[in-house]
Amino acid sequence: MTTPAAGKLAGKVALITGAGSGIGRAMALRFAAAGARVAAAGRTPASIEETVARIRAQTGQDALAVAADVAVPADVERMVRETVARFGRIDILCNNAGIGSSKDVVAVEPEEWDHVFAVNVRDVYLGCKYALPHMLAQGSGAIINTASVLGLVGAPERAAYCASKGAVVALTRQIAVEYAHRGIRCNCLCPTTVDTPWVSRLLADAPDPAARRRALEERQPMGRLATAEEVAAAAVYLASDEAAFVTGTALVIDGGMTAR
Ligand code: NAP
């Protein structure tokens, strides 16, 4: 068992969306290990309850599972309300839930485009809309949005996804500028391909999964995919007081992909 009371996030309360899988679960576990009390939000109750059980087993920390579909505005409002009701405050909001879309701009239909934006962008706006009043009343808060390198560079057959993550980067900067003088920091993460269940599904659908994986790995000069833990470690930094002067940044975690 770790000693969370002495961690970088001791005393802080964190709400994380998409906490039942991949990057969100890694964030939840790392944040708890760093001393935060965590509200793990997500669509599938069994997944977020599993995350909460792991937090309790690994750290002994109290944690809360909140079933919420971030595409539903009332769910996002309730998710924030339940977090504050349970823990009395909200210091860190990780807008992490997201979905992919593997179509070019001609093939993607308006319904899919709108749904991708509802889950990847509107949820960030809504999470901030409902959490910021609490953070402003406290005079402090850190918001971390999971964008993607595909919010910074283009990729084939990712029209709605690239556009949605670019919007997350832009909204991150807008919120950073708007609230910088009121104790709120807002940053986003821009990982390259991360080895999560998301990517396992992508590979399972490929005609030659091993070749597809190699192609994904070769995009990075480091020759591998990112791990969820590496992304979560960056989130702990951005959430902590060590990043006190860091706001509006799009932190690239890409093994050098966008450096060449
Ligand atoms: P993942 O393993 O598929 O996890 C995504 C999580 O988001 C799941 O827990 C999922 O819950 C949740 N979610 C999806 N739609 C939701 C909704 N409408 N309401 C609430 N929760 C919802 O994917 P991941 O790789 O960890 O991705 C997390 C974030 O990282 C996403 O924003 C993604 O765009 C971003 N990202 C991923 C990669 C990558 O290569 N993996 C790279 C760059 C950025 P359910 O399982 O219950 O649906």
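The values are calculated or read from the model by the stated rules, or taken from the named source; none is laboratory data. Since the model is a prediction, treat every value here as computed from it, not as a measurement. With ideal geometry, Cβ positions are generated from the backbone for all residues, glycine too; neighbour counts draw on all protein chains shown. Side chains included, ligands, DNA and RNA excluded: accessible areas come from the protein's heavy atoms. Shrake-Rupley method; radii C 1.70, N 1.55, O 1.52, S 1.80 Å.
Take Glu242 and decide whether it is open to solvent by 60 Å² or more (accessible area, probe 1.4 Å), in contact (Cβ under 8 Å) with a residue 60 or more places away in the chain and assigned to a helix (DSSP H, G or I). So that I can check it myself, show each step before the final result.
Working: open to solvent by 60 Å² or more (accessible area, probe 1.4 Å): yes; in contact (Cβ under 8 Å) with a residue 60 or more places away in the chain: yes; assigned to a helix (DSSP H, G or I): yes.
For Glu242, the condition - open to solvent by 60 Å² or more (accessible area, probe 1.4 Å), in contact (Cβ under 8 Å) with a residue 60 or more places away in the chain and assigned to a helix (DSSP H, G or I) - is met.
Exactly one of these conditions fails for Val80: (1) under 22 Å from Gly139 (Cβ atoms); (2) of a type outside the set (S, T, N, Q); (3) surrounded by fewer than 21 Cβ atoms within 10 Å (Cβ to Cβ). Give me its number.
(3)
Need at least 2 residues that are away from the ligand (no atom under 13 Å from the Cβ) and either touching a helix residue (DSSP H, G or I) at 6+ places or on another chain (Cβ under 8 Å) or not hydroxyl-bearing (Ser, Thr, Tyr) (or both) per element, so show me which helices (runs of 4 or more DSSP H) inside the stretch 159-227 make the cut, counting only ones lying wholly within it. Can you show your working first?
Working: elements: 159-179, 197-204, 209-218.
In the stretch 159-227, 159-179, 209-218 are the helices (runs of 4 or more DSSP H) which contain 2 or more residues that are away from the ligand (no atom under 13 Å from the Cβ) and either touching a helix residue (DSSP H, G or I) at 6+ places or on another chain (Cβ under 8 Å) or not hydroxyl-bearing (Ser, Thr, Tyr) (or both).
Which ones in the stretch 91-118 are crowded, with 22+ Cβ neighbours inside 10 Å and of a type outside the set (Gly, Ala, Ser)? Before the answer, list the steps.
Just the residues of the stretch 91-118 that are crowded, with 22+ Cβ neighbours inside 10 Å, to begin with: 92-98, 116.
The answer is Ile92, Leu93, Cys94, Asn95, Asn96, Val116.
As an exercise: evaluate Val168 against (1) buried (at least 20 other Cβ atoms within 10 Å of the Cβ); (2) farther than 20 Å from Thr196 by Cβ; (3) among the β-branched types (Val, Ile, Thr) and give the number of the one condition it does not meet.
Here Val168 clears every test but (2).
On the basis of being at pLDDT 95 or above and outside any loop (DSSP other than H, G, I, E, B), does Ala155 make the cut? I'd like the intermediate steps shown before the answer.
On the way: at pLDDT 95 or above: yes; outside any loop (DSSP other than H, G, I, E, B): no.
So Ala155 does not fit the description; no.
Aliphatic (A, V, I, L, M) and either at pLDDT below 95 or more than 10 Å from the ligand (Cβ to nearest atom) (or both): does that describe Leu150?
Working: aliphatic (A, V, I, L, M): yes; either at pLDDT below 95 or more than 10 Å from the ligand (Cβ to nearest atom) (or both): no.
Spelling it out, it is not the case that Leu150 is aliphatic (A, V, I, L, M) and either at pLDDT below 95 or more than 10 Å from the ligand (Cβ to nearest atom) (or both).
Quick one: count up the residues across the stretch 185-208 that are free of Cβ contacts under 8 Å to residues at least 60 places away in the same chain and open to solvent by less than 60 Å² (accessible area, probe 1.4 Å). Steps first, answer last, please.
Narrowing the stretch 185-208 to residues free of Cβ contacts under 8 Å to residues at least 60 places away in the same chain: 193, 195, 199-201, 203-208.
Filter once more, keeping what is open to solvent by less than 60 Å² (accessible area, probe 1.4 Å): 193, 199, 203, 206.
Selection size over the stretch 185-208: 4.
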